[in-house]
Structure formats: structure tokens, C-alpha cells
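The values are calculated or read from the model by the stated rules, or taken from the named source; none is laboratory data. Source: prediction; values computed, not measured. Here the Cβ positions follow ideal geometry from the backbone for every residue, glycine too, while neighbour counts run over all protein chains shown. Protein only, heavy atoms only, side chains kept; ligands, DNA and RNA dropped before computing areas. Shrake-Rupley method; radii C 1.70, N 1.55, O 1.52, S 1.80 Å.
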Amino acid sequence: MSGQRSAVSRQPGSLSSQSRSVGLLGGGLAGLALAALLAHRGHAVTVYERDRAGGKLRRVTVGEQSFDTGPSLFTLPGVWRAFLARLGEADPLDLRPLPGGLGVHHTPFGAVPLPVPADHPLHAAWEAYCAPARGLASHVETLLTTPPRLIDPVFRRASAALLRATGGHLTAEGWVRARQLPPALAHAVRTHALNAGLAPVDAPALYALLPALIAGDVSRPARGMGALLDTLLGLGAARGVRVLEGAEVVRVDPQTATLTLKGGEVRRHDLLVSALDPARLAVLTGRPARSPVSRRTVSGVALYAALPEPAPLPATSVLPPADFGPFRAAMRAGALLPDTLALVHANGPRLAVLLTAPATARDLQPDHPWVRAQVARALRTLGVPGLLASARDVVALPPAHYAAGGHPGGAIYGAALPVWRGGPLHPQPYHPAPQLWQVGTGVHPGGGLPAILGGAMIVDRLIGEGSL
Ligand SMILES: Cc1cc2nc3c(=O)[nH]c(=O)nc-3n(C[C@H](O)[C@H](O)[C@H](O)COP(=O)(O)OP(=O)(O)OC[C@H]3O[C@@H](n4cnc5c(N)ncnc54)[C@H](O)[C@@H]3O)c2cc1C
């Protein structure tokens, strides 16, 4: 093991007579969040992490600039606050609104900033689009953090609000079409189906409402996203969580709650929780990993570039594909699309370019012709064609990187669920065996930060209740 973070203190009296030993596989954000919650209940939690804690969020140094990889936009902050409230903690993150919200969307029908400002010709259409989502954000936050049970009036109220807003439409595409939005706004809205890692015809209708729900409250911790990782590690350490880095689990026996580490050491716990992608867990338990390419969420190539001076760009720019039909076909076939979705984040002399790619574990580096062409297209559209060429250094995290510790193809949100099972209304496989639970981005649909933090809260509550 390359490193170990161990307990700094235990809350007095927090270990109850029902304290159990929990082995938690995977020290990504989901695993660390659940570890803190379970330790708060008095359980003795050990996190086994094959690499470094943080998973998709990690600090890398590029050309003497520090970058936090993975998530860059903090949304639906009510989920984070509910997580902290369960731990009885104040918010140390100092979330700062991100200038420009969700950014400027360069659609084939014109550029659309989301939220659309009052002086923009599409403002009235934006207001009309947002109307069904008024007051919905708190209901969605409730759904993300509450076990989906029809006997629970809280769940019933929140799901009724969501169903009213989605108006009986199953998919994001269906909802957008029915609203007859101006083409530029419709295209920008469709882009946010990609928050589920899916094309608009495959994403639940909720994703068509996401811009309305989140555009006005997009933030980032003042000290960068890495502050979220530090906070989760600190919350766990204060409750006695042990995080073992460089501890790869190579076998799991759910019947006996036993795991085997690389090197042969066997560890037995009362309960195991997997915060790994379910396809990866399947392999560890000796089951076949069924995940055809046509049923995967997207992967990506993230390029982090250190520039000699601040980039003359807004904080976030979004370059959608011209047509989501060919986009979907390419992702499902594992093909490289000539105009994939690109996100460009500029933060002083730090530039991040995120390209959506099929989840086929390819090692797409900056000098790959497709990567070069996509970056050139994005930067040309933004009027800064030579920006990356001026970089002091560039580091790329390709699908092969995401495949190393996540879904075997690098699918950022794991396997694609049928649309009726996506979104927060359907129970997910939280409890696949009596002594085995699951959380993480491949378990909680659209597994961005709100989904994985909320998923950790759901599983914590179910474990606390002792049943589903
Ligand atoms: C480029 C990019 C941009 C994103 N942008 C956003 C954003 O703006 N906003 C947002 O909310 N979300 C965003 N996300 C999603 C967000 O980053 C993820 O949802 C989240 O980080 C997933 O956390 P996780 O713990 O579920 O999974 P992971 O981070 O994948 O953690 C799984 C952990 O398990 C470990 N592991 C795997 N196998 C083993 C084993 N056998 N033994 C022990 N450990 C093992 C891995 O090393 C890893 O640390 C983005 C993701 C990416 C990749």
C-alpha cells in the first residue's frame, strides 16, 4: 500500500453496541461520502482504494499549474447541504457562483448563454421554458436524497411535482419537442441530456428541465473542486474512517463479506459496500460483466492545459454536435464523431477542454488526429484557434484512463439504463446481496455529484433502517 490516512479522532460515544465493521471498495467521492455517513452512525469503516483517494477528482500538476480533474461544476447544492446536515456539520466549501452559469452554448442556430440574460432576444422564450420548473429544484433534491418508496409521503409529493413538470413525457427529446422552443434554445437544452451521459432520446425527461433547475445556481468551491475531496476525507477521518490507498481489491465474496487484496491478503468485514462501477464489481465477484458498447453512457477525453497567460474566454463554453442523431449513433457504435460535444472551461491561465467520446477505453492522446480536429474545431468556433498551441504543457485523460478505475469501457456514468429506469423515481440496485451494498456513479443514474452524494445518503439511510 502506497499510503494510509487513518483516524484522527472519534466522536465520543459514536460507536454504538450495533457498531459493525464495514469494508468499502473504492475511494472515489461516492465511497468517501458514504464512509463518512456510516462512520457517523458508529460503524468502523475501512476504505480500500486501488490508487489515490478521489477517483475521477484528483489534483494534477500541468506546467506548474495545479488542476482538479473530473467534476468542474457544482450544481443542486441543496443535496450537499443535506449531506452536511446529516453529519451535523457546517459547510466549509465556500461555494462561489460561476460567472456565466452553464456557459455560452454555440449551437448551429446561434449562441445561447444559459441562463439567458434579460437583454437577449431569447429571454422571453427562456422564461417560458423555465416556467414548469419553478419550485422544482427542492423537489428534485428531495428525490435525489430519499429512498424511492411509494409509502413515503415525502417521496410521493416530490415525485408528483416532477411528473407534473415533465407532463407525462418519458424522454428529454419528447419534452423538448412538445414545448416547441426556438431552435437555438431547444438545441442548447438538448445538450444537457449529456448530464445523464446520453443523447436526448435516451435521457429521462428530467434532463430537459436541468438547465432551468441549475443554470441560476452553478458554483465551485473557492479553493477549487479539490476542496470537496479534502472535505470528504476530513469528515471521514474525524469519525475514524481508515482510507487505504494503493489497496486494490481483486476478489469479493458477498456471501461471507470477505475481500481479497492484490498480494493475497484476505479481509473479512460484517458488511461490504461497493463504490465501484457495477460491471467492475461483477468481475470481482466472478460474474460476467454485461455491458455492450451500444448500452453505455459516454466517455471523454479531458485535456488540461497550462497557458502562458489568462485565456480570453468566458468561464464555460459549450459546443454541441450539429445533430444529436448521428451523435447517438456514433456513441452506440463506438465510432469517433466529426463534431462531438466539447466543453471548454477557462480559469485564468488554466484551460480544460472536455471532448465526449464513445466508451471504448481508447487511449486518445492530444496528438491523435481526432483529438486534434475536435480541439481545433472548438477553439476556432471560440475565435482562439492557436490557444492550445501556446500552452506550456498539456495533459490528457482519455477513455483508457477512466476505464482503469471506473467502468471497463471508461463510460463516465456506467451502463446506460433503459429510460424508464433512469432518473430518481426508480429504485436502483442498492442492495444486490444480503451483506453487500452499492453506491457510486454507475448505480445512481446521471451520476454527477448531486446523484452520487444523494445516493450515498439513500444507502446510508437504508443500511441504518436495516432493510430496503
Ligand atoms: C471529465 C469529467 C467531468 C465531469 N464533470 C462533472 C461536473 O461538472 N459536475 C458533476 O457533478 N459531475 C461531473 N462529473 C462526474 C463526477 O466526476 C463523477 O460522478 C464522480 O467523480 C464519480 O465518483 P464515484 O466515486 O462514483 O466514482 P469514481 O470516481 O470512479 O471512483 C471509483 C473509485 O474506485 C476505485 N477502484 C476501482 N476498482 C477498484 C478495486 N478493484 N479496488 C479498490 N478500488 C478500486 C477507483 O480507483 C476509484 O477511485 C465529471 C466526470 C468527468 C470524468
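Annotations
- Against the test of being in contact with an Asp or Glu (Cβ under 7 Å, 6 or more places away or on another chain), modelled with pLDDT of 95 or more, aliphatic (A, V, I, L, M) and within 15 Å of the ligand (Cβ to nearest atom), the options Val45, Val62 yield a single qualifying residue, Val62.
- Yes/no for Ala128 being assigned to a loop (DSSP other than H, G, I, E, B), modelled with pLDDT of 95 or more and more than 13 Å from the ligand (Cβ to nearest atom): no
- Subset of segment 284-304 [within 12 Å of the ligand (Cβ to nearest atom) and over 20 Å from the mean Cα position of the chain (by Cα)]: Leu284, Thr285
- Residue count, segment 363-383 (criterion: open to solvent by 20 Å² or more (accessible area, probe 1.4 Å) and either farther than 19 Å from Leu397 by Cβ or without any contact (Cβ under 8 Å) to a residue 60 or more places away in the chain (or both)): 14
- Just one of the numbered conditions (1) within 15 Å of the ligand (Cβ to nearest atom); (2) in contact with a strand residue (DSSP E or B) (Cβ under 8 Å, 6 or more places away or on another chain); (3) open to solvent by 20 Å² or more (accessible area, probe 1.4 Å) is not true of Pro408: (2).
- Scanning segment 221-277 for residues that are away from the ligand (no atom under 11 Å from the Cβ) and part of a helix (DSSP H, G or I) yields Gly226, Ala227, Asp230, Thr231, Leu233, Gly234, Leu235, Gly236, Ala237.
- Boolean, Leu209 is open to solvent by less than 20 Å² (accessible area, probe 1.4 Å) and more than 20 Å from the chain's Cα centre (by Cα): no
- Of the criteria (1) open to solvent by 20 Å² or more (accessible area, probe 1.4 Å); (2) near the ligand (Cβ under 10 Å from one of its atoms); (3) touching a Ser or Thr at 6+ places or on another chain (Cβ under 6 Å), which one Gly442 fails: (3)
- Unique match (being open to solvent by less than 10 Å² (accessible area, probe 1.4 Å) and either within 15 Å of the ligand (Cβ to nearest atom) or in contact with a strand residue (DSSP E or B) (Cβ under 7 Å, 6 or more places away or on another chain) (or both)) among Gly448, Gly422, Gly454: Gly454
- Candidate set: segment 91-125, residues that are open to solvent by 40 Å² or more (accessible area, probe 1.4 Å) and in contact with a Leu (Cβ under 7 Å, 6 or more places away or on another chain); chosen: the one nearest to the ligand (Cβ to nearest atom): Asp91
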